[in-house]
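Data first, discussion second: the structure below is written as structure tokens.
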């Protein structure tokens, strides 16, 4: 009994030092040497101020930006979250109806089956940084209108979408996906910056 | 389903099947104390551990000593973890100046991480300091996983040995699991995860000014190192609140693939290790075949259900609660894997999945995660089912129940029944109490049949030490923190204690060589019997609850008749 107590105690101290500190610090060291930007949160800076992380979605409600997936926690990060509504939830249906109505402001005659489902259903993380290619293309008309762009600029936006699309990884993992923040930042630069 | 979906599923199966014999025989070597590829690197460290802790690694323990060492170690680990969490505001590495964890939440979290459940009624980013994460939770991620592996090793030794109650040395099994298996795999995993964008830093949370001019606080932390062991060690407790849905915890399809493979890697290979340790590789294969069959059926049904649309919601696909970078197939694969194995991490919100997928996930939990189980934790559950199967089959054909040459008698059967029924009772009784009290009901997000599933899932997840959540339930209340904490204790120790008692009892028995009268336990018939027993026991116990929950929900959904 007493012997187990002593061994347990020593074992806990040593494993806390080893698996808590030494292991964590060693991994951190490797990360800082090889993947410095990534381990620090893939932050995007502009003139010294952080304007976001490539991996964390921001709230875009202005029609001139690409919108990401809706967030049940309204893009809160501390913590983020999902709706967790089940398949026959009244509240979920109400949320979807609200989102449909919001989209109808810009596309008055659209039918619900023509709206990309990603814009109607909230992501799981509440911070999903991506949308699919279709969901991005769907928004081009709205953005052109909001920015009062001439038709020839459409090509510019399509090129930007293409540039910010990540292809299927290692040829079989995931679907092509568009990084919404990256795309919006560059679109701002290209369309306003010159 | 698209071609990429099928490729992903195939790649998953191929990786598991290819690594299984290699990792399995490597682990067997480790536990037999034979020389292996890592001996030159890790051997010295192993001896240093023994020397510093005062462990006599040559000494064998009988099952009682083994059990006492394990319980003492777990108990003191709990005390230490509780203190770290309670006092985190006085400890270093707390850049966000978070307060100490309140008592009942701490009670729940401590039990959760000691028992390898890793149920979380908090979100890491706004509750735990970096110190608590690394010195408290990360350490217990390692230790609780190694404890689980040690039990299965002891069980195997009990089966193999003859007329002795000695089943190995707890400290040796623990240390070898840690240093030869969990640590090297975690290091590799952590580095691969960082390459994909998982964060690993001690700097403060960063405030960003967004494009639309709002302030956004971006949480950070030493996550990659902890996520690696969380996936490999059947732990499943997320660094961030939304677990492996958080883009910092699982940023790309490739990181997702790594993490889902990591869930099943060791548990699958342990069936092979078990076969080698008991000296009958076919028996390991039998266990694997039974597990893989149930797994494949469950995965198939869930994929079928999830790729339908929701008739009650404008025929939209089931994308609520899923992130775009994973999509439907990867989310289902993960959900079935994490509930079959007692991992409990999630990459999609199970609560928002189709009712059938939610039901399959729940069934996986209530079968005691016998299907693959956790790192150690499920394989010994599976062996409880094996003992029951041997017993029932023996009764049916009138033969002496035997397993691996050891007679299965009343004592072993009684213990196995305890191990199967106690957690099951905890699930049903807990759910019943929650249903009957306003304390239980006030935490629900959804009402109607889905609300019942939220509670059933929570008690199943805690009682079977899984730790995944149906997530609609607000579990951070004194009622749930306390009741789920008790369920986690029952789920862990009401299985570990009988398992070690059986190991001791079997070890003490004579070996009976197989004869014409022996009921074979290494053929297809036995695989089918075993599957039958698992389904009958699990099914009969829980069918009423499931029909009021998920089945009713599914019928309401396809009839578009009623919303809750």
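Eigen-decomposition of the gyration tensor built on the alpha-carbon atoms of the stretch B:384-559 gives equivalent ellipsoid semi-axes of 38, 20, 10 angstrom, largest listed first.
Shielding value for B:350-356 is 4, the average number of Cβ atoms from other chains within 10 Å of each residue's Cβ. The reciprocal of the average 1/r between distinct C-alpha atoms defines the Kirkwood hydrodynamic radius, which for the stretch B:74-116 equals 10.6 Å.
With Cα atoms as the point set, the radius of gyration and Dmax of the stretch B:378-483 evaluate to 18.2, 53 Å.
May I ask for the Rg/Rh ratio of chain B, computed from Cα atoms with Rh as the Kirkwood radius, given to two decimals? On the Cα set of chain B, Rg over Rh gives 0.96.
Stokes-Einstein, applied to the Kirkwood radius of the stretch A:1-40 over Cα pairs at a viscosity of 1.306 mPa s and 10 °C, places its translational diffusion at 135 µm² s⁻¹. Look at where the Cα atoms of the stretch B:306-337 and of the stretch B:159-217 average out, and the two centres are 28 Å apart. Overall dimensions of the stretch B:459-564, expressed as equivalent-ellipsoid semi-axes from the Cα gyration tensor (√(5λ), whole Å, largest first), are 38, 24, 8.
Taking square-rooted eigenvalues a ≥ b ≥ c of the alpha carbon gyration tensor, is the stretch B:223-321 rounded, prolate or oblate, where a/c under 1.5 means rounded and, failing that, a/b exceeding b/c means prolate?
The shape class here is oblate.
Compute the Cα gyration tensor for the stretch A:1-113, then decide on rounded, prolate or oblate, letting a ≥ b ≥ c be the square roots of its eigenvalues: rounded whenever a/c is under 1.5, prolate when a/b is larger than b/c in the other cases, and oblate in all that remain. Verdict is oblate for the stretch A:1-113. In terms of its C-alpha gyration tensor, the stretch A:137-189 has a prolate overall shape, because the principal axis ratio a/c (a ≥ b ≥ c, square roots of the eigenvalues) is not below 1.5 and a/b outweighs b/c.
Can you work out D for the stretch B:319-383 in µm² s⁻¹ from Stokes-Einstein, where Rh is the Kirkwood radius over C-alpha pairs, the temperature is 20 °C and the viscosity is 1.002 mPa s?
180
Annotation: average projected area of the stretch B:1-90 is 11.6 square nanometres, based on the convex hull of Cα atoms across all directions. With q set to 0.13, 0.16, 0.19 Å⁻¹, the log10 of I(q)/I(0) for the stretch B:43-187, from the Debye formula over equal scatterers at the Cα positions, is -0.65, -0.90, -1.12. Pair-distance distribution of the stretch B:256-372: all C-alpha pairs, bin width 10 Å, starting at 0; shares per bin in whole percent are 14, 43, 28, 11, 3, 1.
What average number of partner chain Cβ atoms lie no more than 10 Å from the Cβ of the residues making up B:201-209?
Details: counts 8, 3, 3, 0, 3, 7, 2, 12, 6.
Mean shielding count: 5.
Rg and Dmax of the protein assembly as shown, based on Cα coordinates, read 26.0, 89 Å. Note: the stretch A:45-192, Cα convex hull, 137 Å³ per residue. Measuring how big the stretch B:271-319 is from its alpha-carbon positions, Rg and Dmax come out at 18.4, 57 Å. Could you work out how far helix A:2-15 tilts from the main Cα principal axis of chain A, as a 0 to 90 degree angle to the nearest 10? The angle comes out near 40 degrees. The angle between the Cα long axis of helix A:23-34 and the longest principal axis of the Cα atoms of chain A comes to about 40 degrees, rounded to the nearest 10.
Three semi-axes describe the equivalent ellipsoid of the stretch B:142-248; taken as square roots of 5 times the Cα gyration tensor eigenvalues and ordered largest first, they are 41, 12, 10 Å.
Laboratory data are not the source of any read-out in this text; all were calculated from the coordinates shown. Just so it is clear, the structure is predicted and the values come from calculations on it, not from any experiment. A quick note on method: Cβ atoms are made from the backbone with ideal geometry, for glycine too, and the neighbour counts reach across all protein chains shown.
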